[in-house]
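Encoded as structure tokens, the structure appears first; notes follow it.
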Amino acid sequence: MPDSAIKPFRCHVFVCVNKRDGKPACEDHGAKKALEKAKDAVKALPFAKREGIRLSQSGCLGQCEHGPVAVVYPPGKWISYSSADELVRFILDAIETAD
Ligand code: FES
């Protein structure tokens with residue numbers, strides 16, 4: 001049964017921090033540290049900007065060959081990032097356009 005008390009997030013980002021035995025995975029590229037940097041960047045925003053924003057670490061998102069990856073909803077936009085700074089820019093841009 002739907003719970004009307006649950007308030008949806010304005011913007012929800014999933015950052016894969018998965019590791020896989022002997023296979024390429026996002027955490028091989030420092031995904032957890034990138035996520036922490038992104039969380040710090042969001043916390044530094046004024047409250048009105050960061051309200052309703054959620055950053056979650058996730059398990060495998062099924063895009064390992066493109067890792068490290070993250071996805072933001074809405075609109076369901078993906079990124080294969082090459083640095084923590086690139087992930088931060090992606091997330092801040094997503095927040096800027098979310099409503
Ligand atoms: S390990 Fe990150 S998408 Fe699979």
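Just so it is clear, none of the values below were taken in a lab; they were calculated from the coordinates. Quick caveat: nothing in here was measured; it's all calculated off a predicted structure. Using ideal geometry, Cβ is built from the backbone for each residue, glycine included, and neighbour counts are taken over all protein chains shown.
Taking 7 Å along the Cα-to-C-beta vector as the label spot, tell me the residue 20-residue 32 distance in nanometres, rounded to one decimal.
Distance between the two pseudo-spin positions: 1.9 nm.
For residue 96 paired with residue 5, estimate the spin-label separation in nm (one decimal), with each label point 7 Å from Cα along the Cα-to-Cβ line.
3.8
Amide H of residue 58 versus every other amide H placed in the peptide plane: which residues, excluding those fewer than 5 positions away on the same chain, fall under 5 Å?
Long-range HN contacts for residue 58: 15, 16, 17.
How big is the chain in terms of Cα radius of gyration and Dmax, in angstroms?
So, for the chain, Rg and Dmax equal 13.9, 44 Å respectively.
Return the aspartates and glutamates within reach of residue 37: Cα separation strictly under 20 angstrom, same-chain partners fewer than 8 residues apart disregarded; answer none if there are no such residues.
27, 28, 51, 85, 86, 93, 96
Among 44, 31, 84, whose mean-square fluctuation peaks in a Gaussian network model of the chain (Cα, cutoff 10 Å)?
Looking only at 44, 31, 84, the largest GNM fluctuation is found for 44.
For the chain, which cysteines have no second Cys with its Cβ under 4.7 Å from theirs?
11, 60, 64
What's the FRET efficiency of residue 39 with residue 63 using the Cβ-Cβ distance as r and R₀ = 22 Å, to the nearest 0.05?
Details: r = 21 Å, r/R0 = 0.96.
With a Förster radius of 22 Å, E is 0.55.
Just to check I understand the Karplus step: with θ = phi - 60° and J = 6.51 cos²θ - 1.76 cosθ + 1.60, what whole-Hz values come out for region 63-71, glycine and proline as x?
Coupling constants for region 63-71: 10, 3, 5, 10, x, x, 10, 8, 9 Hz.
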